[in-house]
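Here the structure comes first, spelled out in structure tokens, and everything after it is commentary.
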Protein chains: 2
Amino acid sequence: MVAKLRAIPLGGLGEIGKNMMVLEFADDLILVDAGLMFPDEEMLGVDLVIPDISYVSEHIQMLRAILITHGHEDHTGALPYVLPRLRLPNGKMPPIYCTRLTRGLIAVKLDEHRLLKDADLRIVRPGERIKLGAFNVEFVHITHSIPDSASLAIHTPIGTVFHTGDFKFDHTPVMGDPPDLSRIAELGRKGVLLLFSDSTYADTTGYTPSERSVSETLDRIMADAPGRVIVATFASLISRIQQVIDAATKHGRRVFITGRSMLDNAKMAIEQGYLDAPDDVMASLDKMKKLPPERIAIITTGAQGEPTSALVRMANRDHRHIEIQAGDTVVLSSSAIPGNELLINRTIDNLYRLGANVLFSRIASVHVRGHAAQEELKLMLGLVKPQYFVPVHGEYRHLWMHSAIAQSMGVPSENVFTLEDGDILEIDGKGARVAGRASADWVYVDGLAVGIDRIVLRDRAHLAGDGVIVAIVAIDKHTGKPIGRPDVVSRGFIESEMSDGLMERAKEVIVQALKGGDHVANRADFNTRVHDALSRFLYDQTRRRPMVLPVSVEV
Amino acid sequence: MVAKLRAIPLGGLGEIGKNMMVLEFADDLILVDAGLMFPDEEMLGVDLVIPDISYVSEHIQMLRAILITHGHEDHTGALPYVLPRLRLPNGKMPPIYCTRLTRGLIAVKLDEHRLLKDADLRIVRPGERIKLGAFNVEFVHITHSIPDSASLAIHTPIGTVFHTGDFKFDHTPVMGDPPDLSRIAELGRKGVLLLFSDSTYADTTGYTPSERSVSETLDRIMADAPGRVIVATFASLISRIQQVIDAATKHGRRVFITGRSMLDNAKMAIEQGYLDAPDDVMASLDKMKKLPPERIAIITTGAQGEPTSALVRMANRDHRHIEIQAGDTVVLSSSAIPGNELLINRTIDNLYRLGANVLFSRIASVHVRGHAAQEELKLMLGLVKPQYFVPVHGEYRHLWMHSAIAQSMGVPSENVFTLEDGDILEIDGKGARVAGRASADWVYVDGLAVGIDRIVLRDRAHLAGDGVIVAIVAIDKHTGKPIGRPDVVSRGFIESEMSDGLMERAKEVIVQALKGGDHVANRADFNTRVHDALSRFLYDQTRRRPMVLPVSVEV
């Protein structure tokens, strides 16, 4: 058997290799990350999108471990769905390796799904080596918008693979150490066969500012705001929560927390020693009543305008404890995840309507990106000096730009692979090539089901556009002829005041369509006649195309 | 009767006063603009959103004219829908006043709707005065991203109202004259009672660059691109089309145009003398075959990723004449209208996949905004020096920021009115106040219907989320008892391979729900029993909530 390294990027949605990477050598297979994506507006009714693990399932006897780079949903969130489907031949779940905070966040998630007891979570310290069959894995400390993030140096018999994970080069992080530049440089000097690097902001010139730059803004806001300061951010952005607590405390404000996921994460982070907070930070919001507004700061969920979040409930005057009032300052310490703009803007508008002053990243320095911009991508390439380069994490245009950057840094164009999810990259002594495709469908989670199919989504889109009309005809089972007058029921099609006359005429259209007798015994023919006649009639009358469902009852 | 001026902003959607402004004095009423908005993702199946004209209809005998500030859809697009509903007591349509290019664009639109012959379109030159009852209206030349844009100075017996329309201060426009600063200043010096000013970019600091700044970029692209250059932009952005033609011609490229609306507008603009183009610019794309790629430039629709546009068809390898190939340069000379990001990004990604180089506003200076930024808003306020200020055109947060700017420029806070659509602002000798509300619903256009109601949209959202299940039961009309076994039909609910067993059990649930005999004669009771039992069962089994439609057939 020739020694070949195989790599397969898998993603939930559009961003290539975002949610999972398969690495395979001889008889061993490891996964990097197991994240989820939130559906876009066209995926009607879908709750989540997770990577397609059918290739991994087919090679389950080779699976050695899942390595998680950091604690964000798009890298950990699929675990509750894929772990039960990735039981090893011995019946156990595969071990999950990650750093300490990442472990804490995963544990919260698995516990919700009652999977924590069964799972095999193992904490790794940066620098430690883990032997996984042919792979020898080392976690390398890196910076991102969550502490305890790691890049991975994966040593294989034919060379080292370096996977950056999500990263930016933050030399003055709010928590933890700066990135381990010297280890990355050392790996580069010894030779790296293949680099996978984060492309999320490959379209952005310059450097991403340090997380610390947000501290100054928060400090000024806490000092100057005439009343309460309410800061919304991501529940997993532990360092930002720390920044808010520090700035508030410095200016004599007591900090309260609202929103379930924010409370859960803060509790875990305090217990694990990642959050340095006053003892009373988890106190009930009731305690707020006794304090003057300028002594209060509140940390909340809802920075993406999520309809059931605490901030959106405040904006809609629907929060049990907090009523927005003139003098309040609301800070959205986040940037919009594409697709959420409408919800976020509506939330901001409603907060202004209630008299609050609102600060958000478009008008104030209340957030910085979590990913490397172009100069940092060049720095990574310059340190790692890979033989082969594969951009990951980003939509196709980001990968394309990152590939162009790599080529401008001297990686030969034939050594740069701009892959799609499911492409199997194969590297051996003779070179590298795309050697086929693995299944890489988008897997939809909807309610209890994993893997909803496209016909269901197509039907939902049809229903969403123009509604449904059900045509009901009773049929004599002996003669095959219609009995009585057809009935019609519609929903989401047309307003009731317009529909009465139309529905009566629709019934007549059905009667006419079924004239001619003996065809009716044939169910397919019945459906076609009613469907076609009714669709044509309704389009003529309304220029709409509702879903037409002919139903016959044999009696 | 006390002499009172009334103003009512009306909008299609979210942006206040965007699509229409009602002005009323004594017995006279005039409208400024009649535009439309495109529905957001939550307005399922809706084609367009237009302003609510019920207040105007109720005062139709007072209506003197519709004034249109410029030729963009969001200021003209509702005309085909509102004109037939705004016939004057004498049966005629109200006169429409506008500048020459605006008239050309409106005529194209009204012709499509077979309304041109009936309409009364009148061209106004800047500086001309129009007497409309108590109002004396003057069009003042202004700059925006379309030529022939106007602000309006509306003289009333109690003072002058200045409405900016959409604007930016472009001192070096690509077409036509710079803004008529001196007339605006003169009006300001004589005294302006009330200023309505464009707030679209009130959240943006500094100045908006001149349209001319795009010329440099286009020039460089046309000179350097190794193959064809394909530029997508708005069909109404006549000046940008001119810029592309100029740059292409300068560098020896022949220009072709594709996309129906682009062809229609270019034809009109050439006829009206607004577009200076070579004779063969409207030639068939066949002619392209004979030219080498570096001699070709193509102007196309699709800059917003519209699914049926020419550019999107190219990106999907679905355009009849143009196949994207390596060496092509595609320029998206536009910015994303909020909500279109997903479609635009997908189009860009697909173009890269086909080997094109893609340039868009995030990574290259291929577009400038069409609206004034903060320093220009201050300049307008400084020139006009209004007694009362009302920000318009923009979502609530933009109005809020614009109001703050006006106050910082010295307009007393009690003279600044941040209105909502439908608010009736009343001004007389004693002051100004919000004196009630006019109807200002969003009016949806869906197929042939104008004014689709909220129940229909709610039902569509329900159907979109989890689909529909129809439960059919035949009932003996004499005994009121079910006959035979119930049937169920579902769409958009659950994939077929999972549904067979579930549907059989659902039928059994219906049978059980209807046990107990004589209730069934009552249709409401039948519906409730089947609906509740089935909903509960399906949620238990799937965690989804399809729309349940019970249908009984009496035989």
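Observations on the structure shown:
- Members of the stretch A:362-376 that are more than 11 Å from every other protein chain (Cβ to nearest Cβ) and either part of a loop (DSSP other than H, G, I, E, B) or in contact with an Asp or Glu (Cβ under 8 Å, 6 or more places away or on another chain) (or both): A:Ser365, A:Val366, A:His367, A:Val368, A:Arg369, A:Gly370, A:His371, A:Ala372, A:Ala373
- Residue, surrounded by the most Cβ atoms within 10 Å (Cβ to Cβ), within the stretch B:439-463, restricted to residues that are among the basic types (Lys, Arg) and without any contact (Cβ under 8 Å) to a residue 40 or more places away in the chain: B:Arg458
- Within the stretch B:223-238, the residues that satisfy the criterion of being farther than 29 Å from B:Asp74 by Cβ, surrounded by fewer than 24 Cβ atoms within 10 Å (Cβ to Cβ) and in contact (Cβ under 8 Å) with a residue 24 or more places away in the chain are B:Ala223, B:Ala225, B:Pro226, B:Gly227.
- Within the stretch A:488-528, restricting attention to residues that are touching a His at 6+ places or on another chain (Cβ under 8 Å) and modelled with pLDDT under 90, the residue that is least open to solvent (accessible area, probe 1.4 Å) is A:Phe526.
- Answer residue from the stretch A:33-45, given it is of a type in the set (A, V, I, L, M, F, W, C) and surrounded by fewer than 21 Cβ atoms within 10 Å (Cβ to Cβ) and is farthest from the other protein chains (Cβ to nearest Cβ) among those: A:Phe38
- Residue in the stretch B:315-329 that is more than 30 Å from B:Val140 (Cβ to Cβ), buried (at least 20 other Cβ atoms within 10 Å of the Cβ) and within 25 Å of the chain's Cα centre (by Cα) present: yes
- Residue list for the stretch A:464-487, filter: closer than 16 Å to A:Val530 by Cβ and either open to solvent by less than 20 Å² (accessible area, probe 1.4 Å) or of a type in the set (Gly, Ala, Ser) (or both): A:Val468, A:Ile469, A:Val470, A:Ala471, A:Ile472, A:Val473, A:Ala474, A:Ile475, A:Gly480, A:Gly484, A:Pro486
- Hits in the stretch A:244-258 - residues which are of a type outside the set (Val, Ile, Thr) and surrounded by fewer than 23 Cβ atoms within 10 Å (Cβ to Cβ): A:Asp246, A:Lys250, A:His251, A:Gly252, A:Arg254
- In the stretch A:21-44, the residues that are closer than 30 Å to B:Arg460 by Cβ and touching a Lys or Arg at 6+ places or on another chain (Cβ under 6 Å): A:Leu44
- Those residues of the stretch B:333-367 which are among the hydrophobic types (A, V, I, L, M, F, W, C) and open to solvent by 10 Å² or more (accessible area, probe 1.4 Å), in sequence order: B:Ala336, B:Ile337, B:Leu342, B:Leu343, B:Ile344, B:Leu354, B:Leu359, B:Phe360, B:Ile363, B:Ala364
- Scan of the stretch A:472-487 for residues that are modelled with pLDDT of 90 or more and either in a helix (DSSP H, G or I) or of a type in the set (S, T, N, Q) (or both), ordered by number: none
- Any chance B:Ala7 is open to solvent by 10 Å² or more (accessible area, probe 1.4 Å) and aliphatic (A, V, I, L, M): no
- Only residues that are in contact with a helix residue (DSSP H, G or I) (Cβ under 8 Å, 6 or more places away or on another chain), facing another protein chain (nearest Cβ under 10 Å), surrounded by fewer than 19 Cβ atoms within 10 Å (Cβ to Cβ) and not basic (Lys, Arg) were counted across the stretch B:529-555, and they come to 1.
- Extreme residue, farthest from A:Glu211 (Cα to Cα), among residues of the stretch A:360-405 that are without any contact (Cβ under 8 Å) to a residue 60 or more places away in the chain and in contact with a strand residue (DSSP E or B) (Cβ under 6 Å, 6 or more places away or on another chain): A:Ser403
- Number of positions in the stretch B:1-16 that are out of contact with any helix residue (DSSP H, G or I) (no Cβ under 9 Å at 6 or more places or on another chain) and closer than 17 Å to B:Tyr388 by Cβ: 6
- Of the numbered criteria (1) surrounded by 18 or more Cβ atoms within 10 Å (Cβ to Cβ); (2) part of a loop (DSSP other than H, G, I, E, B), the one B:Ile241 fails is (2).
- Residues of the stretch B:445-452 include none that is more than 9 Å from chain A (Cβ to nearest Cβ) and of a type outside the set (Val, Ile, Thr).
- Enumeration of residues in the stretch A:117-138 that are assigned to a loop (DSSP other than H, G, I, E, B) and open to solvent by less than 80 Å² (accessible area, probe 1.4 Å): A:Ala119, A:Val124, A:Pro126, A:Gly127, A:Glu128, A:Gly133, A:Ala134
- Yes/no for B:Val416 being more than 19 Å from B:Thr208 (Cα to Cα) and either of a type in the set (A, V, I, L, M) or buried (at least 23 other Cβ atoms within 10 Å of the Cβ) (or both): yes
- Within the stretch B:169-185, the presence of a residue that is under 18 Å from B:Glu24 (Cα atoms), open to solvent by less than 40 Å² (accessible area, probe 1.4 Å) and either in contact with a His (Cβ under 6 Å, 6 or more places away or on another chain) or not in a loop (DSSP other than H, G, I, E, B) (or both) is excluded.
- Selection of the stretch B:179-206 for residues being of a type in the set (A, V, I, L, M) and more than 13 Å from chain A (Cβ to nearest Cβ) yields B:Leu181, B:Ile184, B:Ala185, B:Leu187, B:Val192, B:Leu193, B:Leu194, B:Leu195.
- Summed over the stretch A:88-115, the residues that are in a loop (DSSP other than H, G, I, E, B), under 19 Å from A:Arg64 (Cα atoms) and free of Cβ contacts under 8 Å to residues at least 24 places away in the same chain give a count of 2.
- A:Ala315 vs. criteria of a type in the set (A, V, I, L, M), without any contact (Cβ under 8 Å) to a residue 60 or more places away in the chain and either more than 14 Å from chain B (Cβ to nearest Cβ) or out of contact with any strand residue (DSSP E or B) (no Cβ under 8 Å at 6 or more places or on another chain) (or both): yes
- The lone exception for B:Glu112 - which of (1) open to solvent by 30 Å² or more (accessible area, probe 1.4 Å); (2) at pLDDT 95 or above; (3) over 21 Å from B:Ile30 (Cα atoms); (4) touching a Pro at 6+ places or on another chain (Cβ under 9 Å) it fails: (2)
- Looking across the stretch B:421-444 at every residue that is more than 18 Å from the chain's Cα centre (by Cα) and within 15 Å of B:Val392 (Cα to Cα), the one that is nearest to the other protein chains (Cβ to nearest Cβ) is identified as B:Asp423.
The values are calculated or read from the model by the stated rules, or taken from the named source; none is laboratory data. Everything numeric in this text was worked out from a predicted model, so none of it was measured. Because the Cβ atoms are built from the backbone with ideal geometry, glycine has one as well, and the counts that use them run over all protein chains shown. All accessible areas refer to the heavy atoms of the entire protein, side chains included, with ligands and DNA or RNA removed. Shrake-Rupley method; radii C 1.70, N 1.55, O 1.52, S 1.80 Å.
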